[in-house]
Amino acid sequence: MEAQRGPTVLVTGGAGFVGSHTVVELLNNGYEVVVVDNLVNVYKGDGTLPVSLKRVEEITHKKVLFYNVDLLNPVLLEEVFRMHKIDCVMHFAALKAVGESVQIPLTYYKNNVTGSIILLEVMKKCNVKKLVYSSSATVYGTPQSLPLTEEHPTGQGCTNPYGKSKYFVEEMIKDLVFSDESWSAISLRYFNPVGAHESGRIGEAPSGIPNNLMPYIAQVAVGTREKLKIFGNDYDTPDGTGVRDYIHIYDLAVGHIDALKKLLEPSFSRWKVYNLGTGTGYSVLDVIKAFEEASGKKIAYEIAPRRPGDIASSYADAQLAKKELNWVARKTLLDMCRDMWRWQSNNPDGYATGPKV
Ligand code: WQD
């Protein structure tokens, strides 16, 4: 007898770093998955399926339904909704480089905000009105208090178009939900997602020079980069370097499964926001030390000027997700570094890494 089929989830941006790791957990938890991605930030490979999703099939032993569709194309997007009985949507698709967003704001607003509006319009047209939204702690701007709770003001002091786009889309979804009681949504505010699947077969594969700390450190460890620049060591933090709440990508993916279960409960109260973080902040020097222990490699670095738009400290109060989703981040910083190192050392060129001869 065929196994009971779970709800069908349409995952936008499902070929990317957070999306692909979440697709693994969705498939492992019995959900049916349909991925939509325009592959703008994904290594394509030579087949119809991007390499990251081929690896997801390898890990889960399940087929992945994939459509190379841009959210800015409502006609093709609607076709995907019409071909499948979609029960809900997980919306990851977005450009997310903070520094780049300052250089090309219109591209960020068109892709992240207009793309989200088109998605919501197609969902409404196809009567799919349940949504988990991939948001970010950057909506909090410069923290007025720490740890950051979901009650902290958002939108004020967002220091870049990326963070503002996440804030704008959260507000749009909230307004939509309260305009039509048939809608329900959960917004998940990520802190700093890092690490990789324990298999070492999928992970973070930034194109070009990594903007973010952990992938840059991993590339120094594997020899792709000569040394790390530490952007400032004169912040008001224990060792003067920036403090962030790093969360293992596995814990983050599981947080989406727990949020989805909450969203699909008949009693769900329509609109909720949850921080997904560990509640612990680590400095740049803490991360370097942990990565050296995990990899056995010395990470060369130099102190450089502060990066414009950076804040001193950011870390989560994740009690609400624990209380209402029964979710807690369990992986340690060392786990994050060990899994990141396994991915990076096995795939020095990310998904472009050829087979080992
Ligand atoms: C972390 C710390 C830097 C690089 C990111 C994403 C954003 C959002 C949140 C999802 C800071 C320092 C970094 C380097 C360094 N993700 N650093 N040298 O800025 O918190 O934001 O996570 O929504 O999209 O950009 O993370 O990894 O860039 O920086 O010293 O080469 O590492 O100053 O203190 P950030 P990050």
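The values are calculated or read from the model by the stated rules, or taken from the named source; none is laboratory data. Source: prediction; values computed, not measured. Reconstructed Cβ throughout: ideal geometry from the backbone, glycine too, with neighbour counts over all protein chains shown. Each accessible area value is taken on the protein alone, full model and side chains, heavy atoms only, with ligands, DNA and RNA left out. Shrake-Rupley method; radii C 1.70, N 1.55, O 1.52, S 1.80 Å.
Could you please state how large a percent of the accessible area of the chain is carbon and sulfur, counting protein chains only and using a 1.4 Å probe?
Details: 8160 of 16080 Å².
Using a 1.4 Å probe with all protein chains present, the chain comes out at 51 percent carbon and sulfur.
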Just flag the GluC sites (Glu not before Pro) in the stretch 1-62 sitting in loop per DSSP whose Cβ has no more than 14 other Cβ atoms within 10 Å.
2
On a 1.4 Å probe surface of the protein chains, which of 82, 330, 342, 225 comes out largest in accessible area, and what is the full order?
330, 82, 342, 225
Please work out the ratio of the alpha-carbon Rg of the chain to 2.2 N^0.38 Å and round it to two decimals.
0.95
Mind giving me the nanometre distance, one decimal, between the label points for residue 58 and residue 82, set 7 Å out from Cα along Cα→Cβ?
3.7 nm
Give the residue from 216, 284, 305 lying farthest towards the positive end of the charge dipole for the chain; charges sit on Cβ (+1 for Lys and Arg, -1 for Asp and Glu) and the dipole is referred to the Cα centre.
216
Heavy-atom accessible area per residue, the chain, 1.4 Å probe: how many Å²?
45 Å²
Can you tally the net charge around residue 234? Count Lys and Arg as +1, Asp and Glu as -1, for every other residue whose Cβ sits under 14 Å from the Cβ of residue 234.
-1
Pairs of Cα atoms under 8 Å, at least six residues apart: use those to get the relative contact order of the chain, whole percent.
18 percent
15 Å beta-carbon shell around residue 160, net charge (K/R +1, D/E -1):
+3
Rounding to the nearest 20 debye, state how big the charge dipole of the stretch 103-262 is about its Cα centre with +1 on each Lys and Arg Cβ and -1 on each Asp and Glu Cβ.
560 debye
If the elastic network links every pair of Cα atoms under 10 Å, which of 173, 59, 247 fluctuates the most in the Gaussian network model of the chain?
59
Given the alpha-carbon gyration tensor of the stretch 80-212, what are the semi-axes of its equivalent ellipsoid in whole angstrom, ordered largest first, with each equal to the square root of 5 times an eigenvalue?
25, 20, 16
Would you be so kind as to identify which of 111, 34, 256 lies farthest towards the positive end of the dipole of the chain, taking Lys and Arg as +1 and Asp and Glu as -1 on Cβ and the Cα centre as origin?
34
Dipole magnitude of the stretch 8-346 about its Cα centre (Cβ charges: Lys, Arg +1; Asp, Glu -1), debye to nearest 20:
400 debye
Measure off 7 Å from each Cα along the Cα-to-Cβ vector at residue 310 and residue 264, then give the distance between these two points in nanometres to one decimal.
4.2 nm
Measuring from its Cα centre, the stretch 295-357 shows a charge dipole (+1 at each Lys and Arg Cβ, -1 at each Asp and Glu Cβ) which, in debye to the nearest 20, is 220 debye
Tell me the label-point distance for the pair residue 226, residue 180, using the 7 Å Cα-to-Cβ offset, in nm and rounded to one decimal.
5.6 nm
